[in-house]
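A short write-up of the structure that comes next.
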Amino acid sequence: MKRRIIFPIFLLVLLIFLPAMAGGQRPASGADPASESTSAPPAPAASSSLPEPVASDAMDSGVFLLLDDATGDLLTVSDRDFLYGAIVTEMPLLYEKEALKAQGIAAYTCYSKLRQEARQNPDASLHGADFSVNTKDWYIYTTKEQMQERWGENFDDYYARLTDVVDTIFGKTLKSDGELISAVYFAVSAGSTEASADIWGGERSYLQPVASPWDAYAAGYRTKVRLTESDFQKTFLSAYPDAVLGAESETWVQEIKRTDAGAVTEITIGGVTLTGGEVRTLFSLRSQNFTLAFDNGMAVFDVRGWGHGVGMSQNGANYLASQGMACEEILAWYYPGTTLC
């Protein structure tokens, strides 16, 4: 009971004194984490033969079956080894250890759920794999050999730090009503996380908006994308040729609908109604929390946050860890109502 009382007070103190304490935290990576990518994974590398059939003894929950797009090989990876490779592809090892633990639990939960679903409803294109990865590009999972190549002389120190994290959290998952949750995550929020129903549809009790104001001090929190009105027209009309973009650019945007946190859910441009996610993809924006203005022949997107905004903010997790919060508390904050098992 004491822990439940102290936790909200701790968050209140952070909210009051945040501007004085906050320092810039860089996002986990320049690209969206694998669990929240808005586009499909890369196509598998060309191969003269299909992956070997999966042995029946490999079809258990103690291993992941991964189709490596870098080589076309089918990898059998133990849960423990997967955790190593999943943490480092999603979060810098120089982040706080409690943030790394939270990230590891979230990733392991997310991909364990995906594995479970894949084995219940196999995708023939994966040739027996649970899902695809790219070990060379560090997409979802990478190998110890790839870590050695990238880290060089720092490998021993980094791997020891990683091992300490894995030893602490191995086997832990997040559940809601006894089931694994969709423990999605992203780099930086726009000040609050988003509800899954608003971004993708599909209500999740544990994927609801929660405050994350510390993200406003993160490196990469706010970005701008500028292009000429002519280039805007070309890009938009190439994707939506039925749109009408007349001579007056101020008439191009007719209506915008947003979530309470500010993400664009629906926008009408040139008579064509799109989701904020579609605009984000079309113009390579970091998030769908944006404004769009036309001025002096330029189209300017002012973007806040980095990623889809649903679930755990990785930057937020790192900030909370730096202020003394344990991984269990971080996960409880970003995935409310879940149970750590």
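Numerical summary
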quantity: Cα-only Debye scattering, the stretch 129-269: base-10 log of I(q)/I(0) at q = 0.14, 0.15, 0.19 Å⁻¹; calculated: -1.07, -1.14, -1.27
quantity: Pairwise FRET efficiency - Arg80 versus Glu328, Cβ, R0 = 22 Å, nearest 0.05; calculated: 0.60
quantity: Unit charges on C-beta of K, R, D, E only; dipole of the stretch 238-341, Debye; calculated: 260
quantity: Listed pairs Lys113/Lys136; Lys97/Lys136; Lys101/Lys136; Lys144/Lys224; Lys136/Lys172 exceeding 30 Å between Cα atoms; calculated: Lys144/Lys224
quantity: Extension reserve of the Asp156-Ala293 stretch, reckoned as 0.36 nm per residue once the Cα distance is removed; calculated: 44.4 nm
quantity: Label-to-label distance, nm, for residues given as Leu340 and Leu94 (7 Å Cα→Cβ offset); calculated: 2.6
quantity: Residue-span extension gain [Asp260 to Thr273] - 0.36 nm each, minus C-alpha spacing; calculated: 2.7 nm
quantity: Relative contact order computed over the stretch 222-304 (Cα-Cα under 8 Å; 6+ residues apart), in percent; calculated: 34
quantity: Relative contact order for the stretch 112-177, counting Cα pairs under 8 Å that sit 6 or more residues apart, in percent; calculated: 14
quantity: Per-selection metrics, the stretch 222-304 (Cα): Rg and Dmax in Å; calculated: 11.7, 33
quantity: Label-point separation in nm, Glu250 to Asp302, each point 7 Å along Cα→Cβ; calculated: 1.7
quantity: Peptides ranked, highest mean first, by Cβ atoms within 10 Å: ranges 96-107, 310-321, 153-164, 261-272; calculated: 310-321, 96-107, 261-272, 153-164
quantity: Theoretical FRET efficiency, 1/(1+(r/R0)^6), r = Cβ-Cβ of Ser284 and Asp167, R0 30 Å, to 0.05; calculated: 0.15
quantity: Asn121 versus Lys136: modelled label distance in nm, points set 7 Å from Cα along the beta carbon direction; calculated: 3.2
quantity: Linear extension gain, Arg226 paired with Ala239, 0.36 nm per residue minus alpha-carbon span; calculated: 2.8 nm
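Any read-out appearing in this document is the output of simple, stated calculations on the displayed coordinates, not a laboratory observation. Here the structure is a predicted model, which is why all the values come from computation and not from measurement. Neighbour counts run over all protein chains shown; Cβ positions are idealised from the backbone, glycine included.
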